[in-house]
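So that we are looking at the same thing, I have put the structure below in structure tokens.
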Amino acid sequence: MSNRFRLIGTASFVAAALFCARAGDKKPAVDTSKLPPPSDKKGVTYEADIKPIFEASCVKCHSGPKPKGKLLMDTLPHILKGGEDGKVIDPGNSAASMLVINIAHLGDEDDYMPPPKNKEKIGPLTKEQIGLIRAWIDQGAK
């Protein structure tokens with residue numbers, strides 16, 4: 001067998017292995033019908049409505065020099081930037097936003113925020129708070 005065919009075979013094997021590894025990393029789909037509905041409130045803003053929720057429930061772990069998941073949640077630009085797993089908010093689409101899935105405690109239990117057993121003893125967000133965050137994201141996350 002020539003070196004060229006051996007190289008092509010090896011490259012094909014590596015590509016197939018990478019594809020399988022990536023496919024295995026995908027998490028199962030989340031049933032978004034279980035999400036609390038978005039709030040009916042119009043004109044939801046980060047400063048007036050969302051920042052107080054995040055300060056009470058998120059910033060203790062998602063700020064400072066070593067934020068959990070490398071996700072800073074102390075300012076709007078940091079939140080929009082995302083963390084080590086990428087963007088957590090999809091402006092205009094709260095049901096597809098990782099942040100909403102995690103705060104609603106849907107999907108992978110390891111991703112629930114705040115974690116059910118956290119050392120700060122921060123409780124889960126209420127359906128109303130999640131609904132307000134959904135409305136904010138659906139309205140453009142401004």
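Looking for something on the phi < 0 side of the Ramachandran plot, in contact with a helix residue (DSSP H, G or I) (Cβ under 7 Å, 6 or more places away or on another chain) and in a helix (DSSP H, G or I) - is there at least one such residue anywhere in the stretch 35-48?
Yes: the stretch 35-48 contains one or more residues that are on the phi < 0 side of the Ramachandran plot, in contact with a helix residue (DSSP H, G or I) (Cβ under 7 Å, 6 or more places away or on another chain) and in a helix (DSSP H, G or I).
If you don't mind, another one. For E84, indicate whether it is charged (D, E, K, R) and closer than 16 Å to L125 by Cα.
no
For the list (1) surrounded by 10 or more Cβ atoms within 10 Å (Cβ to Cβ); (2) at pLDDT below 95; (3) among the hydroxyl-bearing types (S, T, Y), I need the number of the one condition that S39 fails.
The one condition S39 does not meet is (2).
Look through I133, I89 and report the one residue that is part of a loop (DSSP other than H, G, I, E, B) and closer than 20 Å to K42 by Cβ.
After applying the criteria, what remains is I89.
Which one of the conditions (1) in a loop (DSSP other than H, G, I, E, B); (2) at pLDDT 95 or above; (3) within 13 Å of the chain's Cα centre (by Cα); (4) aliphatic (A, V, I, L, M) does A95 fail to meet, given that it meets all the rest?
Every listed condition holds for A95 apart from (1).
Within the stretch 41-55, track down each residue that is farther than 12 Å from L76 by Cβ and β-branched (V, I, T).
Within the stretch 41-55, V44, I53 qualify.
While we're on this one: With respect to E128, is the statement that it is loosely packed, with under 13 Cβ neighbours inside 10 Å, at pLDDT 95 or above and closer than 17 Å to I53 by Cα true?
The answer is yes for E128.
OK, next. Within the stretch 18-34, can you find the residues that are in a helix (DSSP H, G or I), at pLDDT below 95 and not polar (S, T, N, Q)?
Selection gives L18, F19, C20, A21, R22, A23, G24, D25.
Turning to a different aspect of this structure: State which residue is surrounded by the fewest Cβ atoms within 10 Å (Cβ to Cβ) when the search covers only the stretch 97-125 and only residues that are free of Cβ contacts under 8 Å to residues at least 60 places away in the same chain and closer than 13 Å to L35 by Cβ.
So, considering only residues that are free of Cβ contacts under 8 Å to residues at least 60 places away in the same chain and closer than 13 Å to L35 by Cβ, the one surrounded by the fewest Cβ atoms within 10 Å (Cβ to Cβ) is H105.
Considering the stretch 65-95 alone, what residues qualify as being more than 16 Å from A135 (Cα to Cα) and charged (D, E, K, R)?
K66, K68, K70, D74, K81, E84, D85, K87
Would you tally the residues in the stretch 49-86 being assigned to a helix (DSSP H, G or I), without any contact (Cβ under 8 Å) to a residue 40 or more places away in the chain and hydroxyl-bearing (S, T, Y)?
Going through the stretch 49-86 one residue at a time, the tally reaches 0.
The values are calculated or read from the model by the stated rules, or taken from the named source; none is laboratory data. The model shown is predicted, which means the values in this text are computed figures rather than measured ones. Please note: Cβ atoms are built from the backbone with ideal geometry, for glycine as well, and neighbour counts cover all protein chains shown.
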